[in-house]
Structures are given as C-alpha cells and as structure tokens.
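Below is one structure, written out as structure tokens, with a few remarks after it.
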Amino acid sequence: MMILQALNRYYDILFNDEQLKISYGYTMIGVSFALNLSEEGELLDVLPLFQKVQRGKKEVEVPRSMILPQRMKRASNIAPNFLWDNNVYVLGISDRDETKPEYSCKRFEAFKELHHRLLAESSSHAARALLAFLDRHDPAQARDHPAIANYLDGLLEGGNLVFQLNGEFIHAYPELREIWEEHYTGQEADKMQCLVTGKLAPIARLHPNIKKVRGARAGGASLISFNKNSFTSYNMTQGQNSPVSRKAAFGYTTALNYLLSDANPNKKLFLGDTTVVYWAESENRAYEKAMADLFDPSYQRQTTGEAQQSRRDTERRLGEVAEKVKRAGMLDLDAIRESLGDENPRAYILGLAPNEARVSVRFFITDPFDKIARNIMQHYRDLEMVKEFEDQPKYLSVRSILYETVSKKSSDRNAYPLLAGAVFRAILTNSPYPAALFYAVINRVRADMDDRSRGIRKITYGRAAIIKAFLIRKYSHRAANPYEEVLIMSLNEQSTIPAYLLGRLFAVLEKVQQEAIGEVNASIKDRYFTSACASPRSVFPTLLRLSQHHIAKAKFGYASDRRIQEILNLLDVEQNPIPARLTLDEQGLFVLGYYHQRAHFYTKKDKAVIETES
C-alpha cells in the first residue's frame, strides 16, 4: 500500500503541473486519426494526427498524445469509451469482419448506445452532430466511404480515433466534458474506507490498466485485481477485498502510466524483464532528471517540443552541470546538489515485471534523494578500474553490468530477472552485491573464448570492475579485508597475494607468447586460463617451461624474462609452493591480477620503458 500512497502523492504533484494538464476522470491517450464531421453528422474527412519524434538516430511517426475521458477497462468484454475509441468501436470495422462479422457490429452498437444514453438530453450542437453520425453510419458500407478508403490500412491497424467539428475536437467542448464528469463521478459504488487515503469514499471495483510495462499485455495489465474465489473472503469480491477509492485508483494509475509513457522526459530503465521507473516527491522536476543522469551518465536526452524547451531555471542549471559532467567524463555530486538547492525530497524507485495479465512488483526502494545519490556514487567508486582503451566508459550503467553476465552468443541478451533486481537493490542501498553476480561473471570467464570477429572477450574491463567491486563490498562489513591492497583501480606491483600474482604472471606469459609467434589459433589463454585460475599448480610448471622457448624467440624477451622473475620472487615458490586450488574469491583475484597486468602493458609509462629498453 506504501507504493500506492507514494504514487497518489505524485499524482497530486502532476495535477499541479500546468504543462501536463492531468485531471480526475481523464487520461493521456495516443490518437492516430480524427473523424471530421459536418453539423448534420456527415463524415467529411479522416485526418491523420501522427507526430514526428526523434527515437535515437531515427525520426519516427507516433500517435498524437491527447487528454481524453478515462479509458474503460476491458478484456474480452464489450466496454466502449466516451468520445473516442478504436476503429472497431467507432466505425464498426476490423480485420475480423470476414470470419466474425458480428464482432465489430456488437462493439459499434455498444459505442452508439453509450453516446445516445449520455448525450440524448444535451442541446450541444457537437453532441447532435456526433449522434447524427452514429445514426447514419453503416459499418457494412464503411469501407466504401471515400474518406475511410483513403486511410483504410492505417485505420485497421487499431489506432484510436476522435471526432472533430468545425476545426475543434468534440471531446474538448465544455458541455460534453461536463456530461462526462457527472457520469464518471456519479456511477453507483459501495462506500468503504480507502486504504490509500483513509477516507470514506466510493470504491473502485476495477482499477485502470498499467500500460507500457515491457513484456506485459499490449492493452495494459493490472497492478491490483481479484477475480478468483480463492482471493475473496467474507463475501468481499474484486475491489471490496482491497478497498481503494475511485479517485485514489485513478491517481496512482495515472501517475504510474505517466512515468511509463513517452511524455515523461526521463527514460525508463530495462533490467532483464523488469521495467524501472523513478520519481521524487517534489514539484521541482529537476530531481528526477538528476536521478536519470546518475543511473546512466552516458545517456543523452533528445529534447523535442516546446514543453521540454521551457523547463524551469533549476533544470537549466542542472543541464549545464550535466553537460560539464559529460565533457569532463566524471560526475560531481556536490555540483549536482548545489544546482538543485537545499531541498532533499524523498526519492522512489519502482521495478515492475510482467505476470500474465498482471504487473508484479520486483522491488520498491525509497530514501531521501541525497542518500540515494550518494549510494549510486559509491557504486561508481567501487567499480573504478583502469581502462585498456580510451573509448571505454568511465561509468558502467546497471545494464552494462548485467550484460557482462550473459553469453554474447545467446539470442536472449537479458540477464536473469531476479539477479537484475538484486543488483539494482544493492546499488541503491549501498549493500553487498549478490553472490550470484560474482558467480555469473566467473562462469562467463570460464566459458567464453576470445573471438574478435564476434566481439567476444574472455576478460573485459567490465568483468574486472565487477569482481573488484563485489570483493570490496563483500568484506566491507568485516573487521579486516585480506585483499584490500589489490582491490584498487590499477596494478599493485608490491602485492604478495598469491592468487593476484599468479594472474599477473599469466598475463606476462601470454604477452611473451604473442611477441614470439604473434596471433595463433589457440593461445595459452584459450588452452590454459580456466585451469590456471582454478588449479594453478597443475598448469604453471608447463607454462613456465613453454615461456623459455617464447623468450628465446621474442625481440624483447629479456624484458619479459625479468618481469617473470620479479613475480616469481614475490611468490617465493621455494618457501610457498604454487597453490593446488584457488577459492572462488581467489579466482576473482587471479582475474583481477591478469587484467591489471595486461592493462599496465598499454599505459604510456610502460610504452616508454619498452622504447628505452629497445
């Protein structure tokens, strides 16, 4: 219930935003066409209402968003909307007409009956024109009408339709809005105490659908619903079982649908099968923009339309900070906080997953904005890692992290759903990352083979960063961290931790092979890395013998030989033999040592040393 209360409070904030024009009994709907009527109800023309918007690098056409009377909830039932609907209800035509002619006819008749019932007593010329159209319209002859024939294919795709009279939309006429509002608020309903507001009010039997949750039904799904006997008690059915007032049901669903819609300038996050939305309990919408920048610093917004060009001064100041962040490649939390002012509102992050005709809550996290922002920044600090290439991102988004756990050969690139939620929860609460994340990365290291043609690499910048961050947080609540000295951004040449040293040694042995014989079909990493990482004693004697042949052939073999000897001295193999087995944590250190040493080969300092030695 805490989720509904938070969303209902957010609805109050949206209601006061003049740009959004949200009000009780209405909702934002995408509309594809308008039917232009004469005063006598004759269909004069069909007008496309598509708008061009930027989606990534492409410009696409989407239905125009309009504020219309609240959508009726329907599945297999017949339930027409007021003053708007799709082609089946408004025109009585569909792609099922040949096999099920009664399907469209029944829906058109229901649409016609609703409007006659509500508008019969109205003196509005718009109401008379609409009723005249419905009376004279014949679904059987509709496809032959010149105006409909011109856009028949588009109409049959199922977009929504509205009506226009004398250049004005009929749904905008004050008289018709008044009729709708009286009908919407006056419907009979049981009065009970609302669990959201605590007030005695008419209870919503069915709640409006939640739309645009990835994987859920295209027509929308329910967050709260009861439709089986097993979900009822004390003869309470559907809305009575968990009483939420009509206004609160409208409020929370309107707020959630806005967060999920394209009208929201802050993009949704997709983690596995989970759709993530976020908001702050403040009229200053810049906090939400700041959250979007923190979740994904590399994301560039596409600003289109007058609404986005006229954002408040605080948003402009934050935008200037964000641009500096992107140019400098770093986030400055203090600068973001300074641009927002002294307010520290409560922030909310909600993860929703599809579940047949319903939407389930994967996670719900709430804390003051400042705390969430600092937790996210700590996450980025824990992930800091030396780059191998300049074009690698400084900040790894949550999606980038999860991407490292999935096989690049798989057709399904989504991470395991429960893992996605657990990782995001750990980031926002500054708690240890789930062990499943570490295991998944280690498994990918074991399973993957380098394949340049397919962009597959066994040890990546992202995987090394995840291993480091996981081990930092795993031991952060213990008295001492035995691996603290190597859980850093770049190479520690003084560390004597065996697993880390063995990883470094493997990187040197691989490099000397490459210098000696160049690219080969199966390098020592392809053949031996997994075994060396898990059972080093069984592999390294063989690798060290092979290295002597490679050193003799390599142009700078003596430099590699010196590095090998330095690492062996730190290992002190005479006193401490190479371990027979490495634990999972030590295998992570092995990978980290390998990555640090390999990245060190390509730093400017190391290149200068090589040039001097040559």
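The values are calculated or read from the model by the stated rules, or taken from the named source; none is laboratory data. These numbers come from a predicted model, not from an experiment. FYI the Cβ positions are ideal-geometry reconstructions off the backbone, even for glycines, and counts take in every protein chain you see.
Taking every residue in region 238-266 that is within 28 Å of Met291 (Cβ to Cβ) and in contact (Cβ under 8 Å) with a residue 12 or more places away in the chain and pairing it with any residue that is acidic (Asp, Glu) and part of a helix (DSSP H, G or I), at least 6 positions away or on another chain, the pairs with Cβ-Cβ distances below 6 Å are Asn266/Glu288.
Please work out if Lys371 is outside any strand (DSSP E or B) and within 19 Å of Asp296 (Cα to Cα). For Lys371, the condition - outside any strand (DSSP E or B) and within 19 Å of Asp296 (Cα to Cα) - is met.
Selection of region 158-203 for residues being of a type in the set (A, V, I, L, M, F, W, C), more than 23 Å from Asp12 (Cβ to Cβ) and free of Cβ contacts under 8 Å to residues at least 12 places away in the same chain yields only Ala172.
Counting only residues that are among the hydroxyl-bearing types (Ser, Thr, Tyr) and either part of a loop (DSSP other than H, G, I, E, B) or touching a strand residue (DSSP E or B) at 6+ places or on another chain (Cβ under 8 Å) (or both), region 380-403 holds 2 of them. Of all the listed residues (Arg74, Arg117, Arg96, Arg107), the sole one being of a type in the set (Lys, Arg), more than 20 Å from Gly158 (Cα to Cα) and outside any strand (DSSP E or B) is Arg117. Each residue in region 429-455 was checked for being of a type outside the set (Phe, Trp, Tyr) and either part of a helix (DSSP H, G or I) or in contact with a His (Cβ under 6 Å, 6 or more places away or on another chain) (or both), and 15 pass.
Would you point out the residue of region 463-482, among those that are modelled with pLDDT of 95 or more and not basic (Lys, Arg), that is surrounded by the fewest Cβ atoms within 10 Å (Cβ to Cβ)? Filtering region 463-482 for residues that are modelled with pLDDT of 95 or more and not basic (Lys, Arg), the one surrounded by the fewest Cβ atoms within 10 Å (Cβ to Cβ) comes out as Ile472. Any chance region 99-113 includes a residue that's at pLDDT below 95 and of a type in the set (Phe, Trp, Tyr)? Yes; the residues of region 99-113 include at least one that is at pLDDT below 95 and of a type in the set (Phe, Trp, Tyr). Counting only strands (runs of 3 or more DSSP E) that sit wholly inside region 1-68, those with at least 2 residues that are basic (Lys, Arg) and at negative phi are 51-55. Being assigned to a helix (DSSP H, G or I), touching a residue at least 40 places away in the same chain (Cβ under 8 Å) and either crowded, with 18+ Cβ neighbours inside 10 Å or in contact with a His (Cβ under 8 Å, 6 or more places away or on another chain) (or both) holds for only one residue in Leu505, Leu491, and it is Leu505.
Which of the residues belonging to region 432-449 are of a type in the set (Lys, Arg) and within 25 Å of the chain's Cα centre (by Cα)? Correct list: Arg444 only. Looking across Asp85, Asp95, one residue alone is of a type in the set (Asp, Glu) and over 26 Å from Leu14 (Cβ atoms). It is Asp95.
Among what's in region 74-92 and is surrounded by 21 or more Cβ atoms within 10 Å (Cβ to Cβ) and among the β-branched types (Val, Ile, Thr), pick the residue that is nearest to Glu182 (Cα to Cα). Ranking the candidates gives Val90 first. Of the listed requirements (1) farther than 26 Å from Ser476 by Cα; (2) assigned to a helix (DSSP H, G or I); (3) basic (Lys, Arg), Lys458 misses just one: (2). Counting only residues that are among the aliphatic types (A, V, I, L, M) and under 21 Å from the mean Cα position of the chain (by Cα), region 450-473 holds 1 of them. Restricted to region 331-379, and to residues there that are touching a strand residue (DSSP E or B) at 6+ places or on another chain (Cβ under 6 Å) and of a type in the set (Gly, Ala, Ser), the residue that is nearest to Pro208 (Cα to Cα) is Ala357. Condition (residue is touching a residue at least 12 places away in the same chain (Cβ under 8 Å), touching a strand residue (DSSP E or B) at 6+ places or on another chain (Cβ under 8 Å) and either of a type in the set (Lys, Arg) or under 24 Å from Val398 (Cα atoms) (or both)) applied to region 426-444: is it met by at least one residue? Within region 426-444, one or more residues are touching a residue at least 12 places away in the same chain (Cβ under 8 Å), touching a strand residue (DSSP E or B) at 6+ places or on another chain (Cβ under 8 Å) and either of a type in the set (Lys, Arg) or under 24 Å from Val398 (Cα atoms) (or both). The set of residues from region 77-90 being assigned to a loop (DSSP other than H, G, I, E, B) and either in contact with a Gly (Cβ under 7 Å, 6 or more places away or on another chain) or without any contact (Cβ under 8 Å) to a residue 60 or more places away in the chain (or both) comprises Asn77, Ile78, Ala79, Pro80, Asn81. Of Ala580, Ala559, all but one fail to be without any contact (Cβ under 8 Å) to a residue 60 or more places away in the chain and closer than 18 Å to Ser538 by Cβ; the exception is Ala580. For region 54-73, residues that are buried (at least 17 other Cβ atoms within 10 Å of the Cβ) and modelled with pLDDT under 85 total 1.
Scan region 343-362 and tell me whether some residue there is surrounded by 15 or more Cβ atoms within 10 Å (Cβ to Cβ), hydrophobic (A, V, I, L, M, F, W, C) and assigned to a helix (DSSP H, G or I). There is no residue in region 343-362 that is surrounded by 15 or more Cβ atoms within 10 Å (Cβ to Cβ), hydrophobic (A, V, I, L, M, F, W, C) and assigned to a helix (DSSP H, G or I). Checked against the criterion of being within 27 Å of Asp262 (Cα to Cα) and more than 30 Å from the chain's Cα centre (by Cα), the candidates Leu20, Leu83 yield just one match: Leu83. Scanning region 537-572 for residues that are in a loop (DSSP other than H, G, I, E, B), at pLDDT below 90 and buried (at least 18 other Cβ atoms within 10 Å of the Cβ) yields a single hit, Ala554.
Scoring Val520 on the criteria (1) part of a helix (DSSP H, G or I); (2) of a type in the set (Val, Ile, Thr); (3) free of Cβ contacts under 8 Å to residues at least 60 places away in the same chain leaves a single failure, condition (1).
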